[in-house]
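Take a look at the structure set out below.
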Amino acid sequence: MINFGTVGTGWITEAFIQAAKLSGQMQLAGVFSRTVEKAKELADTYHAPKYFTDLEEMAKSEEIEAVYIASPNSVHFEQTLVFLKNKKHVICEKPIFSNSAEIEEAYRVAEENGVYLFEAIRNMHTPNFQILKDNLHLAGPLRSTVLPYIQYSSRYDLFLQGEEPNIFSTKFSGGALVDLGVYPLYLAVGLFGEPESVMYHPVILRSGVDGSGTLILKYDGFVCTILCSKISDSVLPCEIHGEKGTFILEDAAPISEIKFIDSHSKESQILSVVQEEENMVYECINIAKIIRTNNVTEYEKFKKWSKIVLRITEEARKQNNIIFASEK
């Protein structure tokens, strides 16, 4: 059992705590918030033995082995370093950092201190991702792929009223690509590897971030098109087209259903399995196992994917002069 702490008090933190409990592999040992009231409320709700308002104090706690960070994107890097330097494993919510310089430094510090650093990306740990990867050959030579993640954000209403929520702010390293686009982007990288080239066509909002966009990844023999948006909705499925057949995914995250349609017989089959409704449980199980068994090979796989994904989002932003405050 890995004793972990949390940083952040939003719904995603509560979802992780619940998933960690369901996994049977992780136990909540402490929570952090900048205010005593929120820290105590979260600790009381989930029966955490300790709560903190000082990050350094939490990082030095002997009762905590790992920490889950779900704070605003722009502070992921500095908070992660605090825990890594105190020899705590870190699970940082996506997007892990703002740019490649930060991720390289963080992994260096993690290695220097003998601990692991993970990006929390739930769809890549699910059973259905592995099923898809294992059966991808059924499609034959790939010819095109369309991976949408389009979900209207309630915070966009606030943006339209003149406010600037974190996710629509360059100050907090926001935008549609880094917030939602990373799910299908991770899927592409996990299935197809690093693309030959990247081109991003965004809709830029008044705050300087992308409210939506189309990301084009060029691979040998085919193009992967990723659609992401926080300012509109869609019911489009994900599709992977090959010469022998097509995969249809109900969604990019958590990949709840996978259907394969044979191009010649037109017969279809469901390849997916029923997954836990609390789908973050799979990343909790997998991460805990990597830490417990010191599985360096599996760790390096996720580390490589995180670096590639961040390189792509960074390149896409640079092409469109989307510059985060931390980079100025």
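Here are a few things to note about the model shown:
- Members of segment 263-290 that are open to solvent by 30 Å² or more (accessible area, probe 1.4 Å), outside any loop (DSSP other than H, G, I, E, B) and among the aliphatic types (A, V, I, L, M): ILE270, ILE285
- Segment 29-50, residues that are part of a loop (DSSP other than H, G, I, E, B) and among the β-branched types (Val, Ile, Thr): THR35
- Any hit, segment 134-145, residues being under 18 Å from the mean Cα position of the chain (by Cα) and outside any loop (DSSP other than H, G, I, E, B): no
- Taking the criterion of being open to solvent by less than 20 Å² (accessible area, probe 1.4 Å) and either closer than 16 Å to ARG122 by Cβ or aromatic (Phe, Trp, Tyr) (or both), the only residue of segment 77-87 that qualifies is PHE83.
- Only a single criterion out of (1) buried (at least 17 other Cβ atoms within 10 Å of the Cβ); (2) of a type outside the set (S, T, N, Q); (3) part of a strand (DSSP E or B) is not satisfied by VAL182, namely (3).
- Verdict on SER212 being of a type in the set (Ser, Thr, Tyr), on the phi > 0 side of the Ramachandran plot, open to solvent by less than 50 Å² (accessible area, probe 1.4 Å) and in contact (Cβ under 8 Å) with a residue 40 or more places away in the chain: no
- Boolean, LYS50 is charged (D, E, K, R) and either modelled with pLDDT under 95 or more than 23 Å from the chain's Cα centre (by Cα) (or both): yes
- Residue match in segment 199-207 (condition: in a helix (DSSP H, G or I), open to solvent by less than 30 Å² (accessible area, probe 1.4 Å) and modelled with pLDDT of 95 or more): no
- Extreme residue, surrounded by the most Cβ atoms within 10 Å (Cβ to Cβ), among residues of segment 305-328 that are without any contact (Cβ under 8 Å) to a residue 60 or more places away in the chain and part of a loop (DSSP other than H, G, I, E, B): ASN321
- Figure legend. Inter-residue proximity from segment 43-66: first residues within 18 Å of ALA19 (Cα to Cα), second residues among the hydroxyl-bearing types (Ser, Thr, Tyr) and not in a helix (DSSP H, G or I), beta-carbon distance below 6 Å, spacing 6+ or different chains. Indicated pairs: ALA43/TYR51.
- Taken over segment 291-304, residues that are open to solvent by less than 20 Å² (accessible area, probe 1.4 Å) and either in a loop (DSSP other than H, G, I, E, B) or of a type in the set (Ser, Thr, Tyr) (or both) amount to 1.
- Residue match in segment 88-104 (condition: assigned to a helix (DSSP H, G or I), open to solvent by less than 20 Å² (accessible area, probe 1.4 Å) and small (Gly, Ala, Ser)): no
- Selection within segment 189-224 - in contact with a Pro (Cβ under 9 Å, 6 or more places away or on another chain) and of a type in the set (Ser, Thr, Tyr): SER212, THR214, TYR219
- For segment 232-261, residues that are in a strand (DSSP E or B) and in contact (Cβ under 8 Å) with a residue 24 or more places away in the chain total 11.
Each row is one residue, and each column tells you yes or no for (1) within 22 Å of LEU177 (Cβ to Cβ); (2) of a type in the set (A, V, I, L, M); (3) open to solvent by less than 10 Å² (accessible area, probe 1.4 Å).
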position: HIS125; (1), (2), (3): yes, no, no
position: ASN128; (1), (2), (3): no, no, yes
position: LEU136; (1), (2), (3): no, yes, no
position: GLY140; (1), (2), (3): no, no, no
position: THR145; (1), (2), (3): yes, no, yes
position: GLN151; (1), (2), (3): yes, no, no
position: SER154; (1), (2), (3): yes, no, no
position: LEU158; (1), (2), (3): yes, yes, no
position: GLY162; (1), (2), (3): no, no, no
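To keep it simple, each residue is scored yes or no on (1) under 14 Å from ALA288 (Cβ atoms); (2) small (Gly, Ala, Ser); (3) in contact with a Ser or Thr (Cβ under 8 Å, 6 or more places away or on another chain); (4) open to solvent by less than 70 Å² (accessible area, probe 1.4 Å).
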{"position": "PHE4", "(1), (2), (3), (4)": "yes, no, no, yes"}
{"position": "THR9", "(1), (2), (3), (4)": "no, no, yes, yes"}
{"position": "VAL31", "(1), (2), (3), (4)": "no, no, yes, yes"}
{"position": "THR45", "(1), (2), (3), (4)": "no, no, no, no"}
{"position": "VAL75", "(1), (2), (3), (4)": "no, no, no, yes"}
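- The sole residue among LEU160, LEU180, LEU136 that is over 13 Å from ILE231 (Cβ atoms), modelled with pLDDT of 95 or more and among the aliphatic types (A, V, I, L, M) is LEU136.
The values are calculated or read from the model by the stated rules, or taken from the named source; none is laboratory data. Remember, predicted model here, so these are calculated numbers, not experimental data. Cβ: placed from backbone, ideal geometry, glycine included. Neighbour counts: every protein chain shown. The area values use the complete protein model at the heavy-atom level, side chains included, leaving out ligands, DNA and RNA. Shrake-Rupley method; radii C 1.70, N 1.55, O 1.52, S 1.80 Å.
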